Amino acid sequence: ETGVTQSPTHLIKTRGQQVTLRCSSQSGHNTVSWYQQALGQGPQFIFQYYREEENGRGNFPPRFSGLQFPNYSSELNVNALELDDSALYLCASSLAGRETQYFGPGTRLLVL
Amino acid sequence: AQSVAQPEDQVNVAEGNPLTVKCTYSVSGNPYLFWYVQYPNRGLQFLLKYITGDNLVKGSYGFEAEFNKSQTSFHLKKPSALVSDSALYFCAVRDGGNFNKFYFGSGTKLNVKP
């Protein structure tokens, strides 16, 4: 097991609502990346945070936003939820400049 | 554009036989390549990576991968499969232009039968 934790493990929301997912990075890791994994697909890169700033972004609309805190933990916020946002959301931590990312167990979001 | 292709949705092997899970990539610059494994209802676990050096990379749980620059491939291999190797395997490449972005393949389900 990695030291990356995510909460909650499961979540059910309705279309139009907002959701916040949380991630605690592995001890000493200062970079956090978020991925969306739809059913039957590979993870899709959402964005990365380093030193509390967004440090790279994939092809996701602005309603996907994030935060990183001084202790390197992170939040993913999604506004105006759509049915297609239903997926497993994965957080991965790493050390800046190091290539390997370590993943948390994910949060499974269901939008009804 | 950076991309990763895993041409096989599923690979079936018998326990004790060698296994290969295929991956091809397209990336600008030098490729940084990774393999991850995902068990049901779990996050991804790092297996191995290729950054530079020897084309044969050894990783966790007896897995290895062979980097082939001319074929732009990075196939995952294991000499003798175990039933416990049954899982979903993902190949990933780091963006050569933006080192903070990673691209994953669609995954290959490995079934190892006793």
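Placing unit charges on the Cβ atoms of the charged side chains and taking the dipole of the range B:1-104 about its Cα centre, the candidate lying farthest along the positive direction among B:Y32, B:Q45, B:L76 is B:Y32.
Here each label is just a point 7 Å from Cα along the line to Cβ, and for A:D84 and A:S27 those points are 4.2 nm apart. For the range B:32-114, the spread of Cα coordinates along the three principal axes comes to 42, 27, 19 Å, biggest extent given first.
Considering only B:S70, B:S28, B:S86, the mean-square fluctuation computed in a Gaussian network model of chain B, springs between alpha carbons under 10 angstrom, is largest for B:S70. Phi-derived couplings, Karplus 6.51 cos²θ - 1.76 cosθ + 1.60 at θ = phi - 60°, listed residue by residue for the range A:3-8: x, 8, 10, 9, 9, x Hz, with x used for Gly and Pro.
Annotation for the range A:1-42: trypsin sites (Lys or Arg not before Pro) lying in DSSP loop with at most 13 further Cβ atoms inside 10 Å of their Cβ are A:R15.
Put a dot 7 Å past the Cα of A:L110, heading toward its Cβ, do the same for A:L95, and the two dots end up 4.1 nm apart. Past the 29 Å Cα-Cα mark, which pairs from B:K49/B:K109; A:K13/B:K22; B:K69/B:K101; B:K58/B:K101; B:K69/B:K109? From the list (B:K49/B:K109; A:K13/B:K22; B:K69/B:K101; B:K58/B:K101; B:K69/B:K109), the Cα-Cα distance tops 29 Å for A:K13/B:K22.
Under 5 Å from the amide H of A:F47 lie the amide H atoms of A:W34, A:G58, each residue being 5 or more positions distant or on a separate chain, with H modelled from the backbone and absent for Pro and chain starts. Put simply, the C-alpha atoms of the protein assembly as shown give a gyration tensor, and the ellipsoid matching it has half-axes of 29, 20, 16 Å, longest first.
Each reported figure results from applying straightforward, stated rules to the coordinates on display, with no laboratory input. Treat the numbers as computed from the prediction; the structure is a model and nothing was measured. So basically every Cβ, Gly included, is an ideal-geometry build from the backbone, and we count neighbours across all protein chains shown.
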